[in-house]
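Working notes for the structure below.
Read the figures in this text as sums done on the coordinates, not as results from a lab. As the structure is a computational prediction, the values presented were derived from the model and not from experiment. Reconstructed Cβ throughout: ideal geometry from the backbone, glycine too, with neighbour counts over all protein chains shown.
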């Protein structure tokens with residue numbers, strides 16, 4: 001629909017796509033881009049300048065608009081996604097959620113007739129997702145633009161949609177009014193409803209695997225983590241939530257040894273992590289990064305999954321067996337000989353998880369493990385995480401899917417402004433989060449602003 005096919009991506013295209021009544025095959029891509037803006041699934045793949053202001057102004061400048069018009073669009077787009085404070089920041093310094101806001105703003109600055117958003121909230125916290133969707137809805141009403149959103153986390157989106165379309169195997173399977181299609185889709189996927197509860201008791205007497213005492217961390221002169229203390233035990237599933245920029249990913253990087261605290265101590269299985277090399281920590285701590293592309297190193301999917309085993313000297317035959325078992329379990333075995341960069345965004349994410357399994361770390365850190373996953377794949381990953389927890393693995397799961405976190409985690413850790421504000425079992429966390437007024441960080445049945453339609 002955006003014209004990338006056939007103008008950029010090669011393949012065999014039959015049939016016609018008409019944009020404003022004109023075939024996309026006959027129009028120049030630059031003309032299509034002015035009418036149809038596409039915000040891609042991985043925001044980093046479309047960011048091409050060094051600063052936020054330059055990025056958002058890039059499109060209008062290429063339309064050869066007057067300087068005052070470029071500045072006007074830049075300001076309006078940043079206001080729409082509540083990112084005016086980022087205007088002078090370097091792209092490289094932004095969090096994943098901040099990059100997503102900037103990518104959306106850069107498309108809004110084009111003032112297109114058609115706006116296509118591919119998983120626009122995958123890295124956004126619930127408050128930010130609401131703000132972005134509200135801004136887009138306001139824009140749609142004011143300028144009567146067509147908005148098409150591809151989204152797996154569609155709960156907040158559903159209240160705004162006129163239509164819902166379900167695709168399967170390259171074809172449209174369902175298309176109609178949102179309420180009717182939503183009910184049919186959930187029935188077809190056999191979605192299980194679970195209620196938040198207290199699951200912590202089974203882990204209380206287990207060994208402590210991670211012990212954090214009063215750590216601080218700064219980027220240049222800006223302190224990101226302030227006196228954070230925390231501990232975790234074998235078999236715990238710890239759900240980490242909080243606003244974008246609250247320090248969640250930096251905290252995970254400290255646990256994995258990628259960031260070294262300026263103060264305090266982190267102990268992994270009783271050993272001061274400050275005395276260990278990153279490679280030594282990696283034997284015990286598996287890490288799935290927020291962006292699936294940031295941890296792909298090898299030329300084939302199979303080699304990617306055995307990468308850690310090869311580096312840690314695990315028996316080659318055992319590595320092969322464990323790798324194929326992981327690939328089978330995550331629906332990726334048919335891609336074993338393929339280059340991992342040819343996989344879809346969601347398949348890359350499952351590959352990231354797979355590559356952390358064969359060398360059997362006792363601690364797993366997963367930063368947004370459900371990016372790009374439909375309901376069935378989310379269920380599959382969930383079942384495997386439950387298996388790993390039952391086997392005594394400590395799981396840290398950062399996710400903006402609030403319902404999932406409350407249904408499946410033993411503890412809820414809420415980060416805010418570089419500190420842990422809440423650390424409770426799910427039911428107690430619900431009351432604490434409600435007390436501080438962070439309603440979008442509650443599961444839908446417990447007081448979210450916008451329950452599922």
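Counting every other Cβ atom within 10 Å of each residue's Cβ, 303, 125, 28, 374 order from fewest to most as 28, 374, 303, 125. Seen from every direction in turn and averaged, the convex hull around the alpha carbons of segment 235-290 projects onto 4.6 nm².
Rounded to the nearest 5, what % of the DSSP beta bridges within segment 200-446 are antiparallel ones? Counting only bridges with both partners in segment 200-446, antiparallel ones make up about 55 percent.
When only alpha carbons are used to place a centre, segment 29-83 and segment 103-150 end up 13 Å from one another.
Please report the base-10 log of the normalised intensity I(q)/I(0) for segment 306-369, using a Debye sum with one equal scatterer per alpha carbon and no solvent, at each q in 0.16, 0.17 (1/Å). For segment 306-369 at q = 0.16, 0.17 Å⁻¹, log10 I(q)/I(0) is -0.51, -0.58. If the chain linking residue 299 and residue 143 were pulled fully straight, counting 0.36 nm for each residue of separation and taking away their Cα-Cα distance, it would gain 51.5 nm. Bridge orientation summary for segment 4-160: considering DSSP beta bridges with both residues in this region, about 25 percent are antiparallel.
Mind jotting down the distance between the C-alpha centroids of segment 7-25 and segment 247-291, whole Å? Distance between centres, Cα-based: 48 Å. Taken over segment 304-425, the alpha-carbon convex hull comes to 128 cubic angstrom per residue.
For segment 200-446, the Kirkwood estimate of the hydrodynamic radius, built from every pair of different alpha carbons, is 18.5 Å. Ranking of 417, 82, 393, 99 by neighbouring Cβ atoms within 10 Å, starting from the fewest: 417, 82, 393, 99. Where both bridge residues fall in the chain, DSSP classifies roughly 55% of the beta bridges as antiparallel. Of all the C-alpha pairs in the chain, what % are more than 27 Å from each other? I get 57 percent for the Cα pairs in the chain exceeding 27 Å. Relative to the longest principal axis of the Cα atoms of the chain, the long axis of helix 96-108 makes an angle of roughly 0 degrees.
Relative to its residue count, segment 193-340 spans a Cα convex hull of 173 Å³ per residue. Above 13 Å, the calculated P(r) of segment 96-169 contains 66 percent of its Cα-Cα pairs. For the chain, the longest principal axis of the alpha carbon atoms and the long axis of helix 67-80 meet at an angle near 50°. Quick one: Debye curve from the C-alpha atoms of segment 383-437, no solvent, what's log10 I(q)/I(0) at q = 0.13, 0.20, 0.21 Å⁻¹? The Cα Debye sum returns log10 ratios of -0.35, -0.77, -0.84. Considering segment 4-160 at the alpha-carbon level, its Rg and Dmax are found to be 15.5, 46 Å. Each of 436, 215 has some number of other Cβ atoms within 10 Å of its Cβ, and from fewest to most they run 436, 215. Taking 4 °C and 1.567 mPa s as the conditions, I'd like the Stokes-Einstein D for segment 258-362 in µm²/s, using the Kirkwood hydrodynamic radius from alpha carbon pairs. Translational diffusion coefficient: 89 µm²/s. Summary of packing: across the peptides 100-112, 132-144, the per-residue average of other C-beta atoms within 10 Å ranks them, highest first, as 100-112, 132-144.
The relative contact order of segment 4-160 comes to 25 percent, based on Cα pairs under 8 Å that sit 6 or more residues apart.
Taking the longest Cα principal axis of the chain as reference, the axis of helix 375-390 is set at about 10 degrees.
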